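Take a look at the structure set out below.
The values are calculated or read from the model by the stated rules, or taken from the named source; none is laboratory data. Predicted model, so just to flag it, every value in this text is computed and none were measured. When we count neighbours, we look across all protein chains shown, and the Cβ atoms used for this are built from the backbone with ideal geometry, even at glycine. Protein only, heavy atoms only, side chains kept; ligands, DNA and RNA dropped before computing areas. Shrake-Rupley method; radii C 1.70, N 1.55, O 1.52, S 1.80 Å.
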Amino acid sequence: MTSTLPAAEPPSEPGAPPEPGGADGARSAKDSQHDGASLWQQALRRMRRNPIAIVGAVIVAAFVLVAVLAPWIAPYPAQATPGRDLIRPTLIPGPSAEFPLGLDRFGSDVLSQLIWGARASLIIGVVSTLLGLFGGVALGLLAGAFSGWVDTLAMRLVDLMLAIPSLLLAVSIAAIAGQNNSSIIIAIGVVQIPIFARLLRGSMLQQRNQDYVLAARSLGLTRGTVTMSHVLPNSLGPVIVQATLVLATAVIEAAALSFLGLGGGRPTEAEWGRMLTGAQAELALAPQLAILPGLCISITALGFTLLGESLREALDPRMRRRR
Amino acid sequence: MRRTAQWAALAAAGALILTSCASQRENDDPTGDGTGTGDGTGGGEEVTFTFAASADPVALDPALANDGETFRVARQMFEGLVGTVPGTPDPAPLLAESWEVSDDGLEYTFQLVEGVTFHDGTEFNAEAVCFNFERWNNFTGLAATESLSYYWLKVNGGYAEDGNGKYESCEAPDAATAVIHLASPLPELVAALSLPAFSMQSPTALQEYDADNVQGNAEAPVLPEYALGHPTGTGPFVFDSWSPGEQVVLTANPDYWGEQGQVTRVVFPIISDSTARRQALEAGDIDGYDLVGPADVVALEEAGYEIVNRDAFNILYLGMNQAVPELADIRVRQAIAHAVDREALVAATLPEGTEVATNFVPSSVVGYNEDVQTYEYDPAEAQSLLAEAGFTEDNPLTLDFSYPTNVSRPYMPTPEQVFERVAADLEEVGIMVEATPLPWSPDYLDRIQGTTDHGLHLLGWTGDYNDTYNFIGVFFAQPGMEWGFDNPEIFQLINDARVLPDLEEQTTAYEEANAALLEFLPGLPIAHPVPSLAFREGIVYPASPVQDEVYNMVEMPEE
Amino acid sequence: MNADVPEAPIGGGTESTPGTAALLQVRDLEVTFTTDAGPTVAVSGVSFDIHRGQTVAVVGESGSGKSTIAAAVLGLLPGNGRVTAGTVTLREQRLDTMSARRLQPLRGTVLGLVPQDPMTNLNPTATIGRQLIETLEDTGTASGAQAREAATELLTEAGIGQAQERLRAYPHQFSGGMRQRTLIAIGLSASPELLVADEPTSALDVTVQKVVLDRMEALTAARGTAVMLITHDLGLAAERASHVLVMYRGRLVESGPALELLTHPRHEYTKRLLAAAPSLASRRIQIAKQAGAEGAVEGADLLSATDGRDQHVTDAGAAPLIRVQNLRKVFPGAQRGLFGREPDVVAVDDVSFDMHRGSTVAIVGESGSGKSTVARMLLQLLEPTSGQVLLEGEPVQARSQREEIAFRRRVQPVFQDPYSSLDPLFTVFRTIEEPLRAHPFGSPKERAARVYELLDQVALPQSMARRYPAELSGGQRQRVAIARALALQPEIVVCDEAVSALDVIVQSQILHLLADLQERLGLTYLFISHDLAVVRQIADHTCVMEQGRIVEQGPTDVVFDSPAEAYTQRLLAAIPGRDLELAVPGS
């Protein structure tokens, strides 16, 4: 019979994670500097080392900054048409000292419109993504937490929603809710619900079979507690990644729906998609009117996509182990 | 012409995504010439004139339609008793060499051109004339509704079956003389007969192909065989084929009684999107198109294309619905009239050559009144009028303002820009604007013509023929949802003037009506925008203010 | 013994064949990985030779660099790894500087590989035959009908019967052992001179492992192929290889003829490795018993609660703490088509055993034998189809929530995979505190005190409390899992393969911890394992399961010393190192 406590493990156990090599040993020493880093903190740290994530973050930060600071940095108020008397049916003045990016066909300052447009895109993107996120998480949670008919019902609902082309759904919603930005928000948000729901459910089903969930159940925790404090938090990773990617789509879809004329409001309303729509009539006269908002849409979407993809990479469970 | 239904905004946008259908244009030009035109010297060579249509014709039988695209095609195949003086809206002899009107205005005697035959060989004579008049008057069922035989209903006032019409009978004392008897005077009849809706059609063909038998229901009428594939008239071109959504093809009528012209074949490819039409022209797929956007005019002109302007025979106005209490106050309406800088608006948003409107009729129309109240641009005056009406900075006037999206009308090429100018002017004097953008058809028209709560709106009209009633009668001769007022005095003035048989008397009466209207100010006339067409270099096009453009008069370039 | 290890290159058996150049010569090898944290040296200063026909084992724990050496030899280092110093010479050709294009033709024909995981190293969409023939044709060994013939022959040689038909089978139709033998056949198809086998059997059951290794040995011996065998099991290495290289933290710490290394280890690490290897411990117990040196058995090797065992023997009539009666679990067959079903699977069939307070009962069996299902039913995580579990004579099935909670306080699990058994989002503190919160236990302060007490008990420093699982090693995680299981002061702990995923030394430490905790807290263990050697060390009573049934059970000594069933005998015979002559500690 041994009575001695096992001698403490060697100062640092040979790195447990799989090969290759001593890399792990060296790394764990480094990581010990960051005592108590949660999974999310670690992901953040990994992203900070990823140039792609930094590019994405810089674009997104610039976009958010411009959107938030629009009232202070835009040369002219939203919807103003300071140059309206300079416009002729066959002449749209280009850049000048007064209007650095020129005017549009209504006599609005294009630079101001782009800045205010960032604000509109941000609001539409964030609110619709949150709508999709909450709706999807609620539905996915329902399906993921209860198996059986609740799950079946929720998933058939999701299938039904997925079967409808998103643009069509969006147009129908706009037709019912009327032409304004809130219909666009609802339309984009609702379309995302099934995607989030499915993602969360899948992720939860995967987590539900992990040993730590069994362990939690063995501790005598109720099903609800296990779901809410273990399964759900661990299942949110892919959902958060998706949300970031949806922000990119939302910016594009908002533009698309505005482009199709679902936006409502004044024609001078500063919204990138609408600026594009307006620009097609003057494509020959003033191509910059189409190019500038188009660039803004693409760059912003790219920023969110880069950020989302690098977040996905940083949260990847395969990366988790190797760190 | 009646405001015609356009593609819904969505469909228009959808068309953007698809590529232009122009590229699908069939090119069976035997010369192999890519532009579809021959050498232009005739001599048995085929000369094709390709003109982009923005939509399919509703029917090939113009008696059952009222839209521009149908009439554009019909004008090539059909002729009426009356035409127009080239380049004007005024009536001129066509199938009728001359006419006489009795003093009481109830009997019209037409002397017909002789030796004319329909495309099917049927002889054109007084009996054929009477056959056509009787046909229009005896429409029943779906055919006798506003959505199909619109013009007969509007001009005549009714059908035989309801007894509301002014037409009584037609007799043919000899082959070349047709006499029309009316129950009550209809002085605009001669001018109205220049409409394609009143074209002469072959009685044989009408009977053979069951032309009056409209089936289906009001939402989806099913047209008879005649209207779908056997139009038979006396015009310079004969129907060849119609592939809905793609194109309509006509060929020259070898037995045409008038001037044959250079063009031997006419193709109307259907291109609903205006950008696609421009691109089709630039690609050489078409020879010309209508409703050129003001912004495209300069670019096309610089690139060597021919820009043809029609004389403006239209009106663009700002409607004010008096069913809305604030707008029932004349001071508010006057304030709005003084607030809008129409000169600047025209300069900034409408095609060159466009005039600011003072009347609801263009100046070329008989009955136009130079001395109406004009409401000069005067923001200070507007503000004081608003203050009088009780609206101040603390209690601002807020108005709903509807405008159509993604549409271009001859009288309103850029609605958004016009809206934005007007709205900005109104805001300048302290009126708050709540924008209501709607797709043109059906939403916008439904809201303006079918609801009572709309405030301000933009709309207009293109005249069909030279007649004041054709403009103001449509708007102001009876109560309507668009305007929301009931002013019996105005109604009376207009309706009385309409039936005055003496042209001079009638002109004075219409002038009086126009003056009364502008004082009452149901809306603000804005402008008479000049519609533009664009053509391949070297083409000479017989532009007409009422679009009476027949392609035997088109001159193709020498090549 | 001497702790000093000569740092000079250690020629693996070069002395025995002077004059002949070694087939593979590795000199001062250094491999560096470029990671986010900067360059990291994974292997350095490694030198050894492998001669024709020789089998050399490279032994070490995960992270010791043994697989990195294999990858460096094969030229298959991952993109971020490079040979930064030293040379690798094969048949007098430098491999480390050779371009990928020139290296390619050598693979298969000169260098063969048997990869670790038979589940992922075969293309699931291609038949076994196609994959074999492809290799034969690519290496230019044979083609066409000839290749087909050669493939059949290879498969037969690899011990797979009906090879002709089996060529048409897909990988999923093969068992793990058959797949691994197929991979060996593929590795040997072009008769390479050196076969690198990277943990070829670590994913296999012990009996299968033996068959596969026997087959590999026979095949390579017949061809005169040299083998570089990478393994973590010192017993296995000693049994199969003539020379053993011991890797520790990227360095070669000791090498020499297998037997010599086992009997006279020089380096401290080798000694620890030897002491920890369960297969060797098992063998030592056996030798000691045969030698009749009863006292010697009670060394570091035997962990079972001796007192408890004696008591168990004496109190045979006393009521057991837990009595498992006729447990049976049937899983309905998977849906097949619209109405059809696969036949039902009987996972556990009529299993009964008793557990006495303070003792350790082990269930051993190969994968699929149903041992984990028994554990889950005992934990009330799975409903038995029939039969029952009695806790102090009371049935525990079908209880109310309150009673279930009471049951859970008394019975706690420790699971196999230390990576998945802890919530990655919970700190160590929160993980251990959770059961205390769930079953209200004192004030926050008292709970904290208890958490630190538990950390003490599992020999983890208190500073660990703030860490997340991702920052812990496997052994540390398993200690946290044990602390969590102990938080509610349970009487029974179910260890479901609790040490199987750990490296041998860590495994040994955890086993010692469990034994110590048992003694101090009077715990009762149900120990589920596939590793008979481990069971021998820790269990008082052993049940051997095969295909859902207990085929043999009894006191551990009895089961191991005189197995009654053929199956048990086969299991025992498959433990590596069975016939090694070992130095018995203390003798």
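Quick look at the values:
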read-out: Pair list, Cβ < 6 Å and 6+ apart or interchain, from the range B:443-465 residues that are within 30 Å of B:E549 (Cβ to Cβ) to residues that are assigned to a helix (DSSP H, G or I) and among the polar types (S, T, N, Q); value: B:G463/B:N470; B:D464/B:N470
read-out: The range B:410-424, residues that are out of contact with any Leu (no Cβ under 8 Å at 6 or more places or on another chain) and of a type in the set (D, E, K, R); value: B:E416, B:E420
read-out: Yes/no for A:S235 being surrounded by fewer than 21 Cβ atoms within 10 Å (Cβ to Cβ) and in a helix (DSSP H, G or I); value: no
read-out: Given (1) closer than 23 Å to C:S202 by Cβ; (2) in contact (Cβ under 8 Å) with a residue 24 or more places away in the chain, number of the condition C:T139 does not satisfy; value: (1)
read-out: Residue among B:L517, B:L459 that alone is more than 24 Å from B:A52 (Cα to Cα), at pLDDT 90 or above, within 21 Å of the chain's Cα centre (by Cα) and assigned by TED's automatic domain parsing to the domain that holds B:V366; value: B:L459
read-out: Residues of the range C:39-90 satisfying the condition of being farther than 23 Å from C:R101 by Cβ and without any contact (Cβ under 8 Å) to a residue 24 or more places away in the chain; value: C:P39, C:T40
read-out: Identity of the residue in the range A:89-133, part of a loop (DSSP other than H, G, I, E, B) and of a type in the set (F, W, Y), that ends up farthest from B:T354 (Cα to Cα); value: A:F99
read-out: Matching entry among B:N309, B:N321 (being touching a Leu at 6+ places or on another chain (Cβ under 9 Å) and not assigned by TED's automatic domain parsing to the domain that holds B:N470); value: B:N309
read-out: Residue among B:P254, B:P231 that is surrounded by 17 or more Cβ atoms within 10 Å (Cβ to Cβ), outside the structural domain of B:G455 (by TED's automatic domain parsing), assigned to a loop (DSSP other than H, G, I, E, B) and of a type outside the set (A, V, I, L, M); value: B:P231
read-out: Residues (away from every other protein chain (no Cβ under 12 Å) and of a type in the set (V, I, T)) located in the range A:187-229; value: A:I188, A:V190, A:V191, A:I193, A:I195, A:T227
read-out: Single residue of the range C:12-41 satisfying the filter (open to solvent by 20 Å² or more (accessible area, probe 1.4 Å) and touching an Asp or Glu at 6+ places or on another chain (Cβ under 6 Å)) that is modelled with the lowest pLDDT; value: C:T14
read-out: Counted residues, the range C:492-550 - those being under 16 Å from the mean Cα position of the chain (by Cα) and not hydroxyl-bearing (S, T, Y); value: 25
read-out: Considering residues of the range B:278-293 that are open to solvent by less than 10 Å² (accessible area, probe 1.4 Å) and assigned to a helix (DSSP H, G or I) only, the residue farthest from B:S532 (Cα to Cα); value: B:A280
read-out: Where A:L232 falls short, out of the listed (1) away from chain C (no Cβ under 11 Å); (2) at pLDDT 85 or above; (3) under 22 Å from A:G308 (Cα atoms); value: (1)
read-out: Which listed residue, of C:V208, C:V196, is of a type outside the set (F, W, Y) and in a strand (DSSP E or B); value: C:V196
read-out: Matching option when the condition is within 14 Å of chain A (Cβ to nearest Cβ), without any contact (Cβ under 8 Å) to a residue 60 or more places away in the chain and either over 16 Å from B:G523 (Cβ atoms) or touching a Lys or Arg at 6+ places or on another chain (Cβ under 6 Å) (or both), among B:E376, B:E427, B:E388, B:E393; value: B:E427
read-out: Matching residues in the range B:412-449 - criterion: being in a helix (DSSP H, G or I) and among the β-branched types (V, I, T); value: B:V418, B:V422, B:I448
read-out: Any hit, the range C:236-244, residues being in a strand (DSSP E or B), at negative phi and crowded, with 23+ Cβ neighbours inside 10 Å; value: yes
read-out: Residues (within 14 Å of chain A (Cβ to nearest Cβ), of a type in the set (A, V, I, L, M, F, W, C) and touching a residue at least 24 places away in the same chain (Cβ under 8 Å)) located in the range B:308-360; value: B:L316, B:V340, B:A344, B:L345, B:V346, B:A348, B:L350
read-out: In the range C:372-390, residue farthest from C:R479 (Cα to Cα) [restricted to those that are open to solvent by less than 10 Å² (accessible area, probe 1.4 Å) and more than 13 Å from chain A (Cβ to nearest Cβ)]; value: C:V389
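Listed here are the residues, each with its yes/no results for (1) under 28 Å from the mean Cα position of the chain (by Cα); (2) over 26 Å from A:W40 (Cβ atoms).
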residue	(1), (2)
A:Y212	no, no
A:A215	no, no
A:T225	no, no
A:M228	yes, no
A:G237	yes, no
A:A248	yes, no
A:I252	yes, yes
A:F259	yes, yes
